[in-house]
Amino acid sequence: MCGIFAYFGPQTNPLEIVIKGLKKLEYRGYDSWGVALKTNNDFLIHKEVGKIGDFSFSDLQKIFPISNSQLPIIKIAIGHSRWATHGGVTEYNAHPHWSKNKEVVLCHNGIFENYLKIKEKLIKKGYTFRSETDTEVLAHLVEEYMHESNFENAVKKALSEIEGRYAVILISKHEDKLIAARRGSPLIIGKNGHDGEYFIASDIPAFLEYTNKVQYLDDDEMVIIDVSGARFENMRTHEKVNKRIVEIEWKVEEAEKGEYPHFMIKEIMEQKNTLYRAINQSAEKIHEVAKAIKSARGTFFVGCGTAGKVCMTAEYLFSKIAKRHINVIFGSEFKFHQDFLTDKSLLISVSQSGETADSLEAIEVIKKLGGRVVSILNNEASTMARLSDIVLPNKAGPEKAVASTKATTAQLAICTLLAYAMVDKLDEGEKLLIKTASQINDMLNPRYEDHIYKLSEKIKSAENIYIIGRGLNYPMALESAIKLQEVSYIHAQGFAGGELKHGPIALISENTPCIALVANDESKSEILSNAMEVKSRGGYIIGISPENAEVFDYWIKVPDCGNCSPIVNIIPVQILAYQLAVMRENNPDMPRNLAKSVTVK
Ligand code: AGP
């Protein structure tokens, strides 16, 4: 989704910092971008449709030469990468937006839900609109209120009228002040050791090279930054808020591609280690969650997209290992189940980013009813973490490719631990996961990649790919489809193996690739029969399995990991999806139309 970046401080190259920051936010997904720099008495604004690519500060200087004498002592610059919601992908709709007399310039993530009402009011007052966005209303509204008040008070008054979920940064022509506010979309403030230097961004890696000292803006909070420092306040009550400074432990390299051509393959390969880290949970906390599940009147695993498929896998793990039913609901559907919920309900939210709007909405719903929230999260500093009663951290490190890989297997590992803990067999679960981690370490070698590459070559022009699985591997068939769709753009669909004969088998024609996810368990003979049904109708069978079988036209070996088969079976599909994306000249890190964290509903 959209990315926000702002700089406030003494450095002479603020736009260079902003452009660099926006590049670091590229992974979030966007279709246009823009920057604004405050000069002595005006703003320089530049916007473009498309990716920032190699665009650099020197390109900007060619467009508008900037000399230091034009700039105030304190430099203020903001930038934005836009993922279109209201209004098409055009330069006009790209941010920053400015007010009628260019008194106010701002960037915004999220949606101002009541913008039409405010727009009508402003049009009656003589304001005209340059863009089709919801964002522009706030710029004009602040300027309108600046007729009677100063910038800060005008922002407060304007925001009190705005409804919706958003993160917003605003600057004014006449004041060396940067104001940011959030309700539902992430904003993090970075504070440098140098006195008076601040960064604001949608995500930490954007400014991590300058500072690892951060302050998180919570919902309904705003920060006002000026030469005297940063003041935090509650947007509703206007009471002062004291913010803790948190030191981030990530290393800059963790959020960089390093020797790899793309984040996606880097993150797939990191699974050699990330599983070990995920397993290293506090036993006390795992038991506490298991106890909470046992005492809850209804446990609901909630996630979206890939995280939703992890939740579905958890349902099978809990049934198989813990002999216990848990409910699974996708974040966007959760509110439609609220009639079943009580203050004894437990929500277990699975999310990489911890910022997914649909999952956050589910948390809001359960919190209103007085229920408890446990989160399985990669981003421990996210909104979801702060809303949860207990957080089980994935510890996968920053995941920047849009396609989730290492966070997924970490989430699966934690769900497996929980299922074992339910029957007091946490040790057994840990041992199995440690064995699985070491087998993944052996599996992820260049020869393995080459073997999958040969398959990628064979199927790169396929129009459809189907994936089948049973039991624990049925949700992974669905997840495989997501992986293939999002980066290769090949139509891919996952099915429960047994469901094929009830309709989807009609889709199979000569040479249609069909991946069978096989585990060495009670589902094995049946999934092989389902694969045979596909093969008999001309399908090309790719078996991902610990053992070869006659029905396979192409076999990708995976270790036999018992109840951890979903973890090992998804990894070759991740590699396949990546390779297909590269062969088809797609950018696997930033697939079209997608965003890393989906902060709109
Ligand atoms: C994963 O490959 C997808 N990009 C997407 O489905 C993702 O899992 C989903 O948007 C949920 O994100 P979250 O884990 O950050 O909540």
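The values are calculated or read from the model by the stated rules, or taken from the named source; none is laboratory data. Every value quoted in this text rests on a predicted model; they were computed, and no experiment measured them. Neighbour counts are summed over all protein chains in view; Cβ atoms, including those assigned to glycine, are modelled from backbone coordinates with ideal geometry. Calculation scope for accessible area: heavy atoms of the full protein, side chains included, ligands and nucleic acids excluded. Shrake-Rupley method; radii C 1.70, N 1.55, O 1.52, S 1.80 Å.
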Kindly write out, for segment 355-369 in residue order, the coupling ³J(HN,Hα) from the Karplus curve 6.51 cos²θ - 1.76 cosθ + 1.60 (θ = phi - 60°), rounded to whole Hz, with x marking Gly and Pro.
10, 5, 4, 5, 6, 5, 5, 4, 5, 4, 4, 5, 5, 4, 8
Need the list of aspartates and glutamates near residue 173 for cross-linking: C-alpha distance under 18 angstrom, and skip anything on the same chain fewer than eight residues off.
42, 103, 136, 143, 144, 148, 152, 226
Does segment 176-227 come out rounded, prolate or oblate by the C-alpha gyration tensor, with a ≥ b ≥ c the root eigenvalues, rounded set by a/c under 1.5 and, if not, prolate when a/b is larger than b/c and oblate if not?
oblate
If you take the Cα Rg of segment 514-556 and divide it by 2.2 N^0.38 Å, with N the number of residues, what do you get?
0.99
Segment 456-535: relative contact order in percent, alpha carbon pairs under 8 Å with at least 6 residues between
36 percent
Which ³J(HN,Hα) values, rounded to whole Hz and listed in residue order, are derived for segment 157-168 from phi using the Karplus coefficients 6.51, -1.76 and 1.60 in 6.51 cos²θ - 1.76 cosθ + 1.60 with θ = phi - 60°, glycine and proline given as x?
5, 5, 5, 5, 9, 7, 10, x, 10, 7, 10, 9
Would you mind telling me the antiparallel percentage of the DSSP bridges in the chain, rounded to 5?
60 percent
Relative contact order for the chain using alpha-carbon pairs under 8 Å, separation at least 6, rounded to a whole percent?
12 percent
Amide H contacts under 5 Å for residue 391, restricted to residues at least 5 apart in sequence or on another chain and with H modeled in the peptide plane, are 375
For segment 234-322, which chymotrypsin sites (Phe, Trp or Tyr not before Pro) are in a loop by DSSP, counting at most 16 other Cβ atoms within 10 Å?
250
Quick one: how many Å² of residue 147 are accessible to a 1.4 Å probe, rounded to 10?
130 Å²
Helix-only estimate, please: 222 nm mean residue ellipticity of the chain, summing -39500 (n - 2.57) across DSSP H runs of length 4 or more and dividing by its residues, to the nearest 500.
-10500 deg cm²/dmol
Could you compute how fast segment 445-587 diffuses translationally, taking Rh as the Kirkwood radius over C-alpha pairs and applying Stokes-Einstein at 37 °C with viscosity 0.692 mPa s? Give it in µm² per second.
225 µm²/s
Return the tail of the calculated pair distribution for the chain, meaning the percent of Cα-Cα pairs more than 40 Å apart.
30 percent
Scaled to the compact-protein estimate 2.2 N^0.38 Å, what is the alpha-carbon radius of gyration of segment 259-443, rounded to two decimal places?
0.98
Where q = 0.08, 0.17 Å⁻¹, what log10 of I(q)/I(0) comes from the Debye formula for segment 3-254, counting one point per Cα?
-0.27, -1.37
Centre separation in Å (Cα based) which lies between segment 518-595 and segment 65-114:
45 Å
Nearby lysines by direct alpha-carbon distance to residue 367 (threshold 21 angstrom, same-chain neighbours under 8 apart not counted):
285, 291, 294, 335, 344, 601
What percent of all Cα-Cα pairs in segment 360-402 falls in each 10 Å bin, counting up from 0?
28, 48, 20, 3
Calculate the dipole size of the chain relative to its Cα centre from +1 charges on Lys and Arg beta carbons and -1 charges on Asp and Glu beta carbons; express the result in debye to the nearest 20.
560 debye
Interchain or long-range residues, amide H under 5 Å from residue 177's placed H:
172
